[in-house]
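FYI, it's all coordinate maths here, none of it is from the lab. Keep in mind the model is a prediction, meaning the values are calculated, not measured. Ideal geometry is used to build each Cβ from the backbone, glycine not excepted, and the neighbour counts take in all protein chains shown.
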Amino acid sequence: MEKNLEKQSTRSFKIVVFGPESTGKTTLAKQLAAYYNAAFVPEYARLYAEEKQQKGEVLTAEDVIPIAKGQLRLECKAAESSILICDTDILETVTYARIYYPEFKSKTLEKYVEKSTANFYFLTYIDTPWKADGIRDLPHKREEAFLEFQQTLQTYNQPYQLLKGAMEIRFQKAVETIDKLLRVY
């Protein structure tokens, strides 16, 4: 199973909507997947956190690798599609691990990162209203979280575009960029 998680489809063009909580990632990713008739890959960390919360448990550093594996599994299932639109990916897991568990280090996680980054990232800015939902918990650290996400993309030398403004503006900018990228893909 480990080897399967490390495999990435060379046929899929992977776009990730990336950024801090409550910045419209899921909404935008679903809109883009529908527009391009692409495979939508949900955020596994949310599913995992909701399940733990239902059991009365909290996330710990021990959950980082299971979350990473779960995200990669979802991407592998969708990899037959020519375009993947992901509501986060492995770099999101890396970023949240740095935010919540600064001492956490894992060669396994780094190995996953080496083999599963995207073709392109859309970094969502924090100019959207923060909405509580029972999982989100950083309303007072939005700027710091945003900077961590931006730093992750820079550290791993990933191509990205910052998306700001109303959802319609973000969607239009994302479509313009994806159209240009697909012409050369």
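Considering amide H positions built from the backbone, and no H for Pro or chain starts, which residues 5 or more places from L162, or on another chain, come under 5 Å of its amide H?
It is L123, by chain and number.
Once you keep just the Cα pairs under 8 angstrom separated by 6 or more residues, what percentage relative contact order results for the chain? Numbers along the way, then the final one.
Numbers: 271 pairs, mean separation 61.0, N = 185.
Relative contact order comes out at 33 percent.
Based on DSSP H runs of at least 4 residues, each adding -39500 (n - 2.57), what is the mean residue ellipticity at 222 nm of the chain after dividing by all its residues, to the nearest 500 deg cm²/dmol? Walk me through the numbers on the way to the answer.
Details: 8 runs with 96 residues, N = 185.
Rounded to the nearest 500, the figure is -16000 deg cm²/dmol.
Provide the per-residue ³J(HN,Hα) series for region 13-18, in order, calculated from phi with Karplus coefficients 6.51, -1.76, 1.60 and θ = phi - 60°, each as a whole number of Hz, with x at glycine and proline positions.
9, 9, 10, 10, 8, 10
Full extension from S82 to Q172: what is 0.36 nm times the residue separation minus their Cα-Cα distance, to one decimal in nm? Walk me through the intermediate numbers first.
On the way: separation 90, 0.36 × 90 = 32.40 nm, distance 2.11 nm.
That works out to 30.3 nm of additional length.
Take every Cα-Cα distance within the chain, group them into 5 Å bins from 0 onward, and report for each bin the whole-number percent of pairs it holds.
Bin by bin from 0 Å, the calculated values are 1, 8, 17, 22, 22, 16, 9, 3, 0, 0.
Please list 111-123, 167-179 highest first by mean number of surrounding beta-carbon atoms within 10 Å per residue.
On the way: 111-123: 19.3, 167-179: 15.5.
Top to bottom by mean Cβ count within 10 Å: 111-123, 167-179.
If I take R0 = 22 Å and measure r between the Cβ atoms of K164 and Y35 in this structure, what FRET efficiency does the formula 1/(1 + (r/R0)^6) give, to the nearest 0.05? Let's see the in-between values first.
Numbers: r = 20 Å, r/R0 = 0.90.
It comes out at approximately 0.65.
Extension gain T155-A132, at 0.36 nm per residue separation less the Cα-Cα distance, in nm? Before the final figure, lay out each step's value.
Values: separation 23, 0.36 × 23 = 8.28 nm, distance 2.97 nm.
Contour length minus Cα-Cα distance gives 5.3 nm.
Using θ = phi - 60° and the Karplus relation 6.51 cos²θ - 1.76 cosθ + 1.60, list the HN-Hα couplings for region 164-176 in order, rounded to whole Hz, with x at every Gly or Pro.
Those phi angles translate into 10, x, 4, 4, 5, 5, 4, 4, 4, 4, 5, 4, 4 Hz.
Could you order the peptides 22-35, 58-71, 81-94, 147-160 from most to least packed, using the average number of other C-beta atoms within 10 Å per residue?
Details: 22-35: 19.6, 58-71: 17.3, 81-94: 24.0, 147-160: 15.6.
Packing order, densest peptide first, comes out as 81-94, 22-35, 58-71, 147-160.
Mind listing the phi-derived Karplus ³J(HN,Hα) values for region 138-149, rounded to whole Hz, using 6.51, -1.76 and 1.60 with θ = phi - 60°, and x for any glycine or proline?
Result, rounded to whole Hz: 10, x, 8, 10, 5, 5, 4, 5, 4, 4, 5, 5.
Taking a threshold of 18 Å on the Cα-Cα distance, which of the pairs K25/K131; K77/K115; K52/K111; K77/K180 fall above it? Let's see the in-between values first.
On the way: K25/K131 13 Å; K77/K115 16 Å; K52/K111 26 Å; K77/K180 26 Å.
Exceeds cut-off: K52/K111; K77/K180.
Taking 8 Å as the Cα distance limit and 6 or more residues as the minimum spacing, I'd like the relative contact order of region 91-185 as a percentage. Mind dumping the intermediate values first?
Details: 57 pairs, mean separation 33.9, N = 95.
Here the relative contact order equals 36 percent.
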